[in-house]
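The values are calculated or read from the model by the stated rules, or taken from the named source; none is laboratory data. Small disclaimer: the values here were computed from a predicted structure and weren't measured. All Cβ positions, even for glycine, are placed from backbone atoms using ideal geometry, and neighbour counts span all protein chains on display. Note: areas computed on protein heavy atoms with side chains; ligands, DNA, RNA excluded. Shrake-Rupley method; radii C 1.70, N 1.55, O 1.52, S 1.80 Å.
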Amino acid sequence: MEKFNIAIQEMSEMLDGKRPLDFKRAVFLTENAYFNGKLDWNEFNSEIDRITQILKQMIAKKGLNGYKTSGNWAIFTYMSDSIPENKNFPYTYDYENFMGDNDFLSFTVSNLLKTHKGNCHSLPYFYKILANELNVEAFLATAPMHVFIKHKDEKGNWWNLEMTSGTFSRTSFLIESFNISDAGIMSGLYLKPLEEKETIALCILDLLSYYEKVFGIYSDKFVFTCYQKGIEYYPNSNFQIWKLNDQKHYLDNEMEKTGISDYSKIPEYPKLEAMYNEMEQTRLYLAEIGLSHLTPEQYEQKVMEIKNNK
């Protein structure tokens with residue numbers, strides 16, 4: 001539990017301006033909490049720095065220093081192609097454990113660094129870390145159960161980069177494939193290039209998932225602290241789902257204490273009715289901002305389509 005508390009404390013300080021924003025550090029903190037302090041920050045940082053120096057050499061060797069997307073090219077090439085710089089060992093999609101059913105290894109950058117296998121979480125996170133190290137533009141963006149990279153080309157046009165397949169996707173394809181509504185786009189819930197503070201907040205979402213995976217808890221003081229901080233800086237996000245689940249948990253507990261199980265009886269109890277109304281406000285807000293759902297089966301089908309059509 002100590003490492004989880006350290007993680008939310010440091011990331012909160014980043015968001016509140018008490019520490020510099022550092023996505024690489026935020027990723028390490030969340031993963032180190034999941035692994036119960038077994039990761040080494042110096043080792044993690046050194047490996048990222050080693051790869052960054054290789055990328056800089058690739059850019060210089062090609063004479064691309066004058067291009068603003070030179071770093072994007074270097075990262076993409078290093079991660080996707082079999083080249084001497086990565087010892088002909090590119091980073092690929094882990095089709096065996098992409099959903100993290102048994103563990104969250106495929107979700108973590110620390111494991112990706114060792115195995116060169118990841119998923120739609122660890123692969124774009126790694127790309128984003130390297131982009132920050134090179135000081136080149138790259139933004140994380142989300143779709144239901146999915147993360148990808150957005151960046152501009154030399155002419156200023158936006159591109160959607162899928163590190164899962166090493167390809168670029170049309171926005172229309174993402175909208176159709178992930179069942180994204182106009183409301184989901186307009187609210188910024190999906191497809192939005194995330195600002196740096198929102199990217200740090202995204203790591204707090206990861207911390208919540210790891211917390212539930214490790215302890216089996218989705219509602220307590222720690223969960224409340226995390227989603228409250230997340231909503232403060234990234235309101236139109238899946239933090240609202242955590243808030244809704246937390247509200248329902250406390251409402252159900254109070255109903256049990258009162259001795260009722262039927263929601264239709266709630267209006268007879270002012271305290272329960274107030275709690276129910278707050279929960280409903282969150283549920284309606286999620287609908288308003290365009291929350292979309294994919295079942296694990298639907299997501300697996302999309303992953304298999306990527307594999308077969310790569």
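Worth a mention:
- Value at 222 nm in deg cm²/dmol, rounded to 500, when DSSP H runs of n ≥ 4 in the chain each add -39,500 (n - 2.57): -18500 deg cm²/dmol
- C-alpha long axis of helix 296-309 to longest principal axis of the chain, angle in °: 20
- One decimal place: the segment residue 186-residue 212 gains 6.3 nm when fully extended, by the rule 0.36 nm per residue minus the C-alpha distance.
- Karplus (6.51, -1.76, 1.60) ³J(HN,Hα), θ = phi - 60°, over segment 153-169, in Hz, Gly and Pro reported as x: 8, 5, 8, x, 8, 7, 10, 9, 9, 9, 6, 5, 10, x, 9, 9, 10
- FRET E, pair residue 43, residue 196, Förster distance 30 Å, beta-carbon r, rounded to 0.05: 0.75
- Translational D in µm²/s for segment 1-159 (Stokes-Einstein at 10 °C, 1.306 mPa s, Kirkwood Rh from C-alpha pairs): 96
- Comparing 143, 33, 274 in a Gaussian network model of the chain, where Cα atoms under 10 Å apart are tied by springs, the biggest mean-square fluctuation is seen for 274.
- Each eigenvalue of the Cα gyration tensor of segment 232-300, multiplied by 5 and square-rooted, gives one semi-axis; in descending order these are 27, 15, 10 Å.
- A Förster radius of 30 Å, combined with the Cβ-Cβ distance separating residue 256 from residue 287, puts the computed FRET efficiency at roughly 0.65.
- Rolling a 1.4 Å probe over the protein heavy atoms gives segment 114-173 an accessible area of 39 Å² per residue.
- Taking the Cα centre of segment 1-48 as origin and assigning +1 to Lys and Arg Cβ atoms and -1 to Asp and Glu Cβ atoms, the resulting dipole is close to 80 debye.
- Tilt relative to the chain, helix 41-62 - C-alpha long axis, 0 to 90 degrees, to 10: 40
- Rounded accessible area per residue of segment 197-310, 1.4 Å, Å²: 56
- In terms of the mean number of neighbouring beta-carbon atoms within 10 Å, the peptides 150-157, 180-187 order highest first as 180-187, 150-157.
- When the charge dipole of the chain is built from unit charges on Cβ atoms (+1 for Lys and Arg, -1 for Asp and Glu) and taken about the Cα centre, the candidate among 147, 84, 110 whose Cα reaches farthest toward its positive end is 84.
- Candidates 118, 37, 230: whichever shows maximal mean-square fluctuation once the chain is modelled as a Gaussian network with Cα springs under 10 Å: 37
- Average accessible surface area per residue within segment 1-42, 1.4 Å rolling probe, Å²: 49
- Percent of C-alpha pairs per 20 Å bin, the chain, short to long: 30, 57, 12, 1
- Separation of the residue 268 and residue 173 label points, Cα + 7 Å toward Cβ, nm: 5.7
- Computed magnitude of the charge dipole of the chain (debye, nearest 20; Cβ of K, R +1, Cβ of D, E -1): 1080
- Choice from 91, 211, 276 with maximal GNM fluctuation in the chain (Cα, 10 Å cutoff): 276
- Each Cα pair under 8 Å and six or more residues apart adds its separation to the average, and for segment 66-120 the resulting relative contact order is 26 percent.
- For the chain, the longest principal axis of the C-alpha atoms and the axis of helix 122-134 are separated by about 60°.
- Per residue, the average separation of C-alpha pairs within less than 8 Å and at least 6 apart gives the chain a relative contact order of 16 percent.
- With all protein chains in place and a 1.4 Å probe, the accessible surface of the chain carries 49 percent carbon and sulfur.
- Long pairs among 24/229; 18/213; 56/155; 248/302; 221/265; 221/271, criterion Cα-Cα beyond 24 Å: 18/213; 248/302; 221/265
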